[in-house]
Structure formats: C-alpha cells, structure tokens
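Beneath this line is the structure, given in structure tokens, with notes to follow.
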Amino acid sequence: MIVSVDEHTFEDQELEQMRFLLLSWFDHAQRDLPWRRTQDPYAIWVSEIMLQQTQVATVHDYYIRWMQRFPDVKSVADASLDDVLLQWSGLGYYRRARFLHKAARHVMEECAGIIPKNAKGLLALPGIGRYTAGAIASIAYNEPAPIVDGNVERILARLRAIDGDPKAAENQKHFWRLANLLVDKARPGDLNQSMMELGATVCTPKKPTCLLCPVRGMCYAHTKGDPLLYPAKVVRKPPVKVRVASVVACAHDKDGARLTLMCKRSAKEGLFAGLFEVPNVSAPGSILDDDLHHMLRSHWQHMFEDATEVLLPATALCSGKVVHRLSHRIMEIDVFYLMLGHTPSFAVIESGLAPFWARDEEIETFGMASVVRKILAHTLWNTPHVTDA
Ligand code: SF4
C-alpha cells in the first residue's frame, strides 16, 4: 500500500469510527488505576506529573502515599520544599516536585485556591505544559483539549504511517493537529485516556499486539505489515559518563548513636537541587582516579575548621564503585568510608548550606535522590556492591 502525504490525516467518517472503537475498547479494557477513580483536578494533576517519564507500576505506590500526605493543593502549598522532596524521594526528575510545589503555592496565592478550569489557565501554572494542561482539562473538566505525548505520537505515527523524527517540529505540529481532530467532544477525557492506555498496553514501542488493537482495521502501519517502522528510530546521543567521589563519614554522639555527615544542595544546584546528600565532587568521565580523589580531599579539608585534624586516607576507599544510570548520564561513584573518633568543627561556609551531623532516624526523613540511597546502602546499610539503577 502506498501512502501519499494527503493520506496522513483523518477523514470525518474515519474519525467517528475511530472514536467509537477507541472508547468502546477503553470502557472494558482500561486498567483500574487509583487516579482513574476521581475527577478531582488536583489528583489528576499529581498523577499526570508523576507519570511523565515514569512507569505506571512505579508511580502507583508513590501516588497513594502522596495523596495520603498531601490530599489537596493547600496541603502541598503549606508544606516545606524539604517535605515535598522527601515524598518524591526515589521517583527521580525532581524538577517535577519543585514545580508542583511552586504551582500549588501559585494556586493558593494567585487563584484563591482554585485550580484553573481550562487548558489555557492551567498552562499558566509553573511546570504545566501543553500535554499536562490538556490531560487535566479533558479528564477533570471535560474540555475537548488534545494531548500528545510519546504514546500518542507512536500511535498516530503508526495509524497514519508518518515518517521521520517524531520530535521534529513539523511532525510535532502534525501530531497535535491529528490529536485535535481526534479528541471526542462528548468524552474528551476518556478518548485521551484511551490513547494513553492503548500506547501503554497494546501499541507498545517494541511489541505492538495488533491482533488485540481496536483500530487495526484503520492502521496504515499494520496494513503495510511492519508497525515497528513507525515512528522512525532516531539515534539519540548516548548518556554522558560522569565521575563522582563521595565521602560517607560517621562518628558517634555522646549517647553512642551513629552520626553521618550530610549536606544539602542549594535550591539552584542543578539536577538534585534542594536534596540531601553526602559530601562529594564530580568531574567529567575522562578524569584520572588520582585527580578525582585529589579533588575530593581538597573539598573535604575545606569543610573543617582545622584541616589537619581530619585527613581522608586512601585506605578509606570502599572496594568497588557505585554505578547509577539516568536517562542522559551514567554516574560512576567512588565511595570513601570513614569512621571518626570525634565530630570535628566545621569551617564557616560562606555560600550554600553547611554540612551537619545526622542520626540514622533523621536521615530517613530526608529527601534524597536514589543515587544517594545507593551510596548509603553501599556503606552504612551494608548492602553489598550495588551496580545499577
Ligand atoms: Fe498500533 Fe498495531 Fe494498533 Fe496499528 S494496529 S495502532 S500498530 S497496535
């Protein structure tokens, strides 16, 4: 079958049939997920932010815990950023949590506590883009607003055999046009969710199960015989390797309880801004071990009032490394473990937050990235060599 450019759209009659098939399928095939049992715009907002770049299975428990701790927008706005980051701890992409917190405060302060009731108003909130605004507006408020995310892109590219990089500006425009045509006027939220569900369970990236697909009779990629050709595979840049060296330093307080030296990144310090961590330095992947360890020693000694009092011996290096993978970088971490006989005084830190000693039970209440939990597991919690995300 040869597909011309004109055929990369939907005819009116096709649209009606496609909506009917998708909605009928969704009515019986949808998974029972906690955020599907509500029309509350706040709950839908939380789920949509969590589901960005994270699988449903991972989000499920985080969502339940989050809604118990923060049942409404006011409770998020009233919470400290530390508390918000603690609840998000381990879910990754912490910018999402920071934006959620900022947007909740915006709703309380600028919108009298009422979440905007349409996609245009939602777009004005920090951290809410076109996709999230469309999802909340269509599901919570029944506005026929389209959505396009990775799942929808893939389904549309296959349905209409659309070539080329799905992220290219022209294709993006085209996907939004198609999604806008497709969205159902009577049940926009369900239609949008049917696309999300189809992409997650049937029209999957590597193994689409076309036999179970409600719209296979209208799918060009299926008719052509090779759905995997769409969307085109684009070679993305490989993740960048980053070297990190960290110190897990412990001492005991007067009651004999273990203390660990912790610090907190400032609110502006990149990827893990506002989160707690152990002292560390990072460098490009090409750095030599000796140079990296020298950087760490120098950073370490600047932390204390009397630099000669606390040396970091080479023998403190734990055997093995902690390796942590993010979508765009691979962190290879050398961990130094040190048990001190006393708690030396810290130097005065002029910028950023000072290091401090924390008991084990306090550490449990800190918002920390998964990588920091791995480092602590590697040392304090005696988990053997941890090598992956
Ligand atoms: Fe995807 Fe196959 Fe359905 Fe086409 S027929 S939309 S390729 S699952």
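For the range 136-170, the set of residues classified as without any contact (Cβ under 8 Å) to a residue 40 or more places away in the chain, within 14 Å of the ligand (Cβ to nearest atom) and small (G, A, S) is empty.
Restricting L15, L91 to those that are in a helix (DSSP H, G or I) and either over 19 Å from I139 (Cα atoms) or of a type outside the set (V, I, T) (or both) reduces the list to L15.
Name the one entry in A249, A245 that is under 28 Å from R373 (Cα atoms), touching a helix residue (DSSP H, G or I) at 6+ places or on another chain (Cβ under 6 Å) and in contact (Cβ under 8 Å) with a residue 60 or more places away in the chain.
Details: A249 fails: touching a helix residue (DSSP H, G or I) at 6+ places or on another chain (Cβ under 6 Å).
Within the list A249, A245, the selection yields A245.
Being away from the ligand (no atom under 16 Å from the Cβ) and over 23 Å from R325 (Cα atoms) is a property that does not hold for E277. If you go through the range 180-205 and keep only what is over 17 Å from W35 (Cβ atoms) and within 12 Å of the ligand (Cβ to nearest atom), you end up with L198, V202, C203, T204, P205. Here F175 clears all of (1) within 25 Å of the chain's Cα centre (by Cα); (2) within 22 Å of E14 (Cβ to Cβ); (3) open to solvent by 10 Å² or more (accessible area, probe 1.4 Å) except the condition numbered (3).
Residue-level analysis places A249 among those that are buried (at least 19 other Cβ atoms within 10 Å of the Cβ), modelled with pLDDT under 95 and either more than 16 Å from the ligand (Cβ to nearest atom) or of a type in the set (V, I, T) (or both). From the residues in the range 107-133 that are surrounded by 19 or more Cβ atoms within 10 Å (Cβ to Cβ) and more than 19 Å from the chain's Cα centre (by Cα), which one is farthest from the ligand (Cβ to nearest atom)? Across the range 107-133, the extreme among qualifying residues is V107. So which pairs qualify, if the first residue must be in the range 199-210 and over 14 Å from L156 (Cβ atoms), the second must be open to solvent by 30 Å² or more (accessible area, probe 1.4 Å) and more than 8 Å from the ligand (Cβ to nearest atom), the Cβ gap must be under 6 Å, and the two must be at least 6 apart or on different chains? Final answer for the pair search is none. Screening A57 against (1) surrounded by 15 or more Cβ atoms within 10 Å (Cβ to Cβ); (2) over 15 Å from H101 (Cβ atoms); (3) hydrophobic (A, V, I, L, M, F, W, C) leaves a single unmet condition, (1). Considering the range 341-360, the residues that are modelled with pLDDT of 90 or more and charged (D, E, K, R) include one that is most open to solvent (accessible area, probe 1.4 Å), namely R359.
Can you tell me which residue in the range 1-21 is most open to solvent (accessible area, probe 1.4 Å), limited to those that are at pLDDT below 85 and not hydroxyl-bearing (S, T, Y)? I'd like the intermediate steps shown before the answer.
As a first pass, look at the range 1-21 and keep what is at pLDDT below 85: 1-7.
Those still in the list that are not hydroxyl-bearing (S, T, Y) too: 1-3, 5-7.
On the way: M1: 116, I2: 155, V3: 32, V5: 117, D6: 125, E7: 65 Å².
Only one residue fits best here, namely I2.
Is the range 211-218 home to any residue that is more than 9 Å from the ligand (Cβ to nearest atom) and surrounded by 15 or more Cβ atoms within 10 Å (Cβ to Cβ)? No, that holds for no residue. Could you tell me which residue of the range 219-237 is least open to solvent (accessible area, probe 1.4 Å), considering only residues that are within 9 Å of the ligand (Cβ to nearest atom) and part of a helix (DSSP H, G or I)? Going through the qualifying residues, I end up with A221. For the range 156-163, check the following and say yes or no: at least one residue is open to solvent by 10 Å² or more (accessible area, probe 1.4 Å) and either under 23 Å from W45 (Cα atoms) or touching a helix residue (DSSP H, G or I) at 6+ places or on another chain (Cβ under 7 Å) (or both). No, every residue in the range 156-163 fails to be open to solvent by 10 Å² or more (accessible area, probe 1.4 Å) and either under 23 Å from W45 (Cα atoms) or touching a helix residue (DSSP H, G or I) at 6+ places or on another chain (Cβ under 7 Å) (or both). Selection of the range 305-336 for residues being free of Cβ contacts under 8 Å to residues at least 60 places away in the same chain and in a helix (DSSP H, G or I) yields A307, T308, E309, A314, T315.
Annotation note: of L275, L288, L271, the sole residue that is open to solvent by 20 Å² or more (accessible area, probe 1.4 Å) and under 26 Å from the mean Cα position of the chain (by Cα) is L271. Restricting attention to the range 28-73, the residues that are without any contact (Cβ under 8 Å) to a residue 24 or more places away in the chain and closer than 19 Å to V215 by Cβ add up to 1.
The values are calculated or read from the model by the stated rules, or taken from the named source; none is laboratory data. If you're wondering where the values come from, they're calculated on a predicted model, not measured in any experiment. Note that we place each Cβ from the backbone using ideal geometry, even for glycine, and neighbour counts take in every protein chain shown. Just so you know, the surface numbers come from the protein's heavy atoms only, side chains and all, with ligands and any DNA or RNA stripped out. Shrake-Rupley method; radii C 1.70, N 1.55, O 1.52, S 1.80 Å.
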